[in-house]
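Report on the structure given below.
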Amino acid sequence: MSFQDRLEIIESQVAHYMNGSLIRKYALSDFTRAMSGLRELHLPDVMPDGVKFFHQRGEFSVFAVEQIAAARSVNVIAENSPKAYGKGTTYNQRYLSFPYIIILGCFAGNTLTNFVQLFYRNQPLKSLNDILYECNLPNVSYKGPSGLPYWFCTQYLRDCTHFPWFDKINEVPRHLWGSGFNWSSDHHEGLSMFNHCKNLDARIKDFITWERETRKEPYFMLKVNWNSTGMTLRQAIEKLFGYVIKKTEITDCKTLINLVKMEVNKKAFSDFNIF
């Protein structure tokens, strides 16, 4: 059975009908904001520290940010947490070693999309032809809800559409280090990169062991033989562009509806605090 979508603008609302039945009404302001977010693009004057590449293609732009290898204090889910994620989850602060982290994300106009990926490297990026490696971060999914691999959940990231570009790009690493690591990816997407990689090296089998090894050798993660993604940075950027353009290209009524849903969800979660 085929489904027919229809949008109607009625006064200050946009009504979504499917096969003649009303599904939901949206504020017209959300609809126009979703559209303008794709059209507007004001390129940054100054890039934040760590930005290695910034590529624009039409209304879309992909950025690559490198976080230096370091031991960091982060909040991770407690072993006895009553919840695996969300409200009621308890956290412990742990001191963990990290290699170089490569954040790859995409903007549609001035709006950050939910297409963000995280990778590891044992050396800093020097070229677009450098290979990217799988990470072992709990809040990164082996495959995201839209099928994007190595997907980093930014659902509760603040709406940064109207931020200056310097602050806009910084929001992703701020969210990475400021939010707690939990088991949301395992529950919602089926497999987190932590559990995908935990048998790769005995030193990263759990958070307690990871912290103990960090205190013995703060940069030990640079010696882990990480799994290759089989992609260079150049290839990953090309794939992300192709993926985002395919998923957000306005070709029918359903695409418009999905864009408005993204705008509504972004507003709903803009003030959410995981703690």
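The values are calculated or read from the model by the stated rules, or taken from the named source; none is laboratory data. A quick note: this is a predicted structure, and the numbers were derived from the prediction, not measured. Cβ placement follows ideal geometry from the backbone for every residue including glycine, while neighbour counts extend to all protein chains displayed.
Please find, within the range 138-170, the residue that is modelled with the highest pLDDT out of those that are closer than 20 Å to SER73 by Cβ and more than 11 Å from the chain's Cα centre (by Cα).
PRO138
Tell me which residues, restricted to the range 113-136, are β-branched (Val, Ile, Thr) and either farther than 28 Å from PRO218 by Cβ or part of a loop (DSSP other than H, G, I, E, B) (or both). Full working, then the answer.
To start, the set of residues in the range 113-136 that are β-branched (Val, Ile, Thr) comprises 113, 116, 131.
If the condition is that a residue be β-branched (Val, Ile, Thr) and either farther than 28 Å from PRO218 by Cβ or part of a loop (DSSP other than H, G, I, E, B) (or both), then THR113 is the only one that fits.
For the range 216-234, name all the residues that are in a helix (DSSP H, G or I), surrounded by fewer than 20 Cβ atoms within 10 Å (Cβ to Cβ) and modelled with pLDDT of 95 or more.
Quick first cut of the range 216-234, residues in a helix (DSSP H, G or I) only: 216, 220-223, 233-234.
Remaining after also requiring surrounded by fewer than 20 Cβ atoms within 10 Å (Cβ to Cβ): 216, 220, 222-223, 234.
LYS216, PHE220, LEU222, LYS223 - these are the residues of the range 216-234 that are in a helix (DSSP H, G or I), surrounded by fewer than 20 Cβ atoms within 10 Å (Cβ to Cβ) and modelled with pLDDT of 95 or more.
Given GLU134, GLU79, which one is modelled with pLDDT under 95 and among the acidic types (Asp, Glu)?
Details: GLU134 fails: modelled with pLDDT under 95.
When all the criteria are applied, what remains is GLU79.
Checking LYS126 against (1) among the basic types (Lys, Arg); (2) under 13 Å from the mean Cα position of the chain (by Cα); (3) within 21 Å of ARG234 (Cα to Cα), which test does it fail?
Condition not satisfied by LYS126: (2).
Give the residue that is surrounded by the most Cβ atoms within 10 Å (Cβ to Cβ), with candidates limited to residues of the range 75-112 that are outside any loop (DSSP other than H, G, I, E, B) and among the β-branched types (Val, Ile, Thr).
Of all residues in the range 75-112, those outside any loop (DSSP other than H, G, I, E, B) come to 75-77, 91-98, 100-108, 111-112.
From the residues that got through so far, the ones that are among the β-branched types (Val, Ile, Thr) too are 76-77, 101-103, 111.
Numbers: VAL76: 22, ILE77: 20, ILE101: 21, ILE102: 26, ILE103: 22, THR111: 24.
It comes out as ILE102.
Residues of the range 155-170 being surrounded by fewer than 22 Cβ atoms within 10 Å (Cβ to Cβ) and under 21 Å from TYR85 (Cβ atoms), which ones? First the steps, then the outcome.
Taking the range 155-170 as the starting set, the residues that turn out to be surrounded by fewer than 22 Cβ atoms within 10 Å (Cβ to Cβ) are 155-156, 158-159, 161-168, 170.
Residues satisfying the conditions are GLN155, TYR156, ARG158.
Within the range 135-142, identify whether any single residue is crowded, with 16+ Cβ neighbours inside 10 Å, closer than 20 Å to SER185 by Cα and touching an Asp or Glu at 6+ places or on another chain (Cβ under 6 Å), and answer yes or no. It would help to see each step written out before you state the result.
Quick first cut of the range 135-142, residues crowded, with 16+ Cβ neighbours inside 10 Å only: 135-142.
If we keep only those that are closer than 20 Å to SER185 by Cα as well, we get 135-142.
Then keep just the ones that are touching an Asp or Glu at 6+ places or on another chain (Cβ under 6 Å); that gives 141.
Yes, the range 135-142 has at least one match.
Could you check the range 137-156 and list, in sequence order, the residues that are closer than 16 Å to GLU66 by Cα and part of a loop (DSSP other than H, G, I, E, B)?
LEU137
Conditions tested, residue by residue: (1) within 21 Å of ASP167 (Cα to Cα); (2) in contact with a Cys (Cβ under 9 Å, 6 or more places away or on another chain).
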{"residue": "ASP49", "(1), (2)": "yes, no"}
{"residue": "PHE54", "(1), (2)": "yes, no"}
{"residue": "GLU59", "(1), (2)": "yes, no"}
{"residue": "PHE63", "(1), (2)": "yes, yes"}
{"residue": "GLU66", "(1), (2)": "yes, no"}
{"residue": "VAL74", "(1), (2)": "no, no"}
{"residue": "SER81", "(1), (2)": "no, no"}
{"residue": "ALA84", "(1), (2)": "no, no"}
{"residue": "LYS87", "(1), (2)": "no, no"}
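Just give me the residues in the range 56-68 being of a type outside the set (Val, Ile, Thr) and either part of a strand (DSSP E or B) or under 20 Å from the mean Cα position of the chain (by Cα) (or both), in sequence order. Full working, then the answer.
Step one: of the range 56-68, the residues of a type outside the set (Val, Ile, Thr) are 56-61, 63-64, 66-67.
Listed by number, the residues that qualify are GLN56, ARG57, GLU59, PHE60, SER61, PHE63, ALA64, GLU66, GLN67.
Please work out which one of (1) modelled with pLDDT under 95; (2) among the hydroxyl-bearing types (Ser, Thr, Tyr); (3) in contact with an Asp or Glu (Cβ under 7 Å, 6 or more places away or on another chain) is the condition SER179 fails and give its number.
With respect to (1) modelled with pLDDT under 95; (2) among the hydroxyl-bearing types (Ser, Thr, Tyr); (3) in contact with an Asp or Glu (Cβ under 7 Å, 6 or more places away or on another chain), SER179 is out only on (3).
Take the residues in the range 171-213 that are touching a Lys or Arg at 6+ places or on another chain (Cβ under 9 Å) and aliphatic (A, V, I, L, M), then tell me which one is surrounded by the most Cβ atoms within 10 Å (Cβ to Cβ).
ILE204
Among the residues of the range 184-215 satisfying the criterion of being within 15 Å of GLU134 (Cα to Cα) and not in a helix (DSSP H, G or I), which is nearest to the chain's Cα centre (by Cα)? Full working, then the answer.
Initial filter on the range 184-215 (within 15 Å of GLU134 (Cα to Cα)): 191-201, 204.
With not in a helix (DSSP H, G or I) added as a condition, the list becomes 191-192, 198-201.
Working: LEU191: 15, SER192: 13, LYS198: 21, ASN199: 24, LEU200: 24, ASP201: 25 Å.
Per the stated criteria, the residue is SER192.
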